[in-house]
Every structure is written in C-alpha cells, then in structure tokens.
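K.L.:
Dropping the structure in here first, questions after.
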Amino acid sequence: MPSIAQLEKLLTIDPEDPFVHYGLAQELAKSGELDRAIESYSKVIELDPNYCYAYYFKGQTLDQLGKQAEAKSIIAEGIEAAKQVQDGKALSELSTLLQSVT
C-alpha cells in the first residue's frame, strides 16, 4: 500500500477520487491518526455514498474513539447503502459490527 505522503500527492492530482481517499483513511487509521482517518472516510462517503466499507471502517474507528452513538449512526447509514446497492457481504458485516458496538 502506498504511504500517506504518496496518497496525499495523488489527491493533489485528483482530489475527487474516493478510492484514494479510502486508501488514505486506511493508512491514517493504521498509523493511529484516527481523527484524520474519520475525515477521510467521511470524504469517501461524500464522494461515493455507496462505498459501503467506508461506513464500516468509519463506524469502527468512531467506536475505537468511544463515540458509540456516532458509530451506530454511521453504521446504520452504511446498512442502508448496502441494501441500496444489494451488497450482501457488506450488509452482513455492517450488521455484525452494529451489534458489537456497545
């Protein structure tokens, strides 16, 4: 996976690429920059509301930060997106994640 710096450089070329924002969010989360990761997941959702795993990982990250109400809300939005695009795998994983948020 490209580094954070490489992904940020790619975004200067195409700031509207949800895939690059998603990759950046994943790398930020791995490096412990959770607030920035959440911002990047939000950008993915803004650019592509059907990008189901952005909801999943944003919800998971919010849960890690102790923001359970926000996590539940975004996961619920992801469940609706997964239903909309008929992504059964994402729907199942989002539903399981929602049950695990306490």
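K.L.:
Let me have the relative contact order for the chain, percent, based on Cα pairs under 8 Å that are six or more residues apart.
P.N.:
Averaging sequence separation for qualifying contacts and normalising by length gives 19 percent for the chain.
K.L.:
Give me the net charge of residue 79's neighbourhood, meaning all other residues with Cβ under 11 Å from the Cβ of residue 79; Lys, Arg count +1, Asp, Glu -1.
P.N.:
Result for the local shell: -2.
K.L.:
Which whole-Hz ³J(HN,Hα) couplings does the stretch 8-20 yield from phi under the Karplus relation 6.51 cos²θ - 1.76 cosθ + 1.60, θ = phi - 60°, glycine and proline marked x?
P.N.:
My calculation for the stretch 8-20 gives 5, 5, 4, 5, 5, 7, 9, x, 10, 8, x, 5, 5 Hz in order.
K.L.:
Got a sec to turn the phi values of the stretch 82-89 into Karplus ³J(HN,Hα) couplings, 6.51 cos²θ - 1.76 cosθ + 1.60 with θ = phi - 60°, whole Hz, x for Gly and Pro?
P.N.:
5, 4, 4, 9, 6, 9, x, 5
K.L.:
Give, rounded to the nearest 20 debye, the magnitude of the charge dipole that the chain has about its Cα centre when Lys and Arg contribute +1 at Cβ and Asp and Glu contribute -1 at Cβ.
P.N.:
Roughly 280 debye, rounded to the nearest 20.
K.L.:
Another one. According to the square roots a ≥ b ≥ c of the eigenvalues of the Cα gyration tensor, what is the shape class of the stretch 1-67, taking rounded for a/c under 1.5, prolate for a/b larger than b/c otherwise, and oblate for the remainder?
P.N.:
It comes out oblate by the Cα gyration axes.
Throughout, read-outs are computed from the coordinates displayed, never taken from laboratory work. Computed from a predicted structure; not experimentally measured. Positions of Cβ are backbone-derived with ideal geometry, glycine not excepted, and every protein chain shown enters the neighbour counts.
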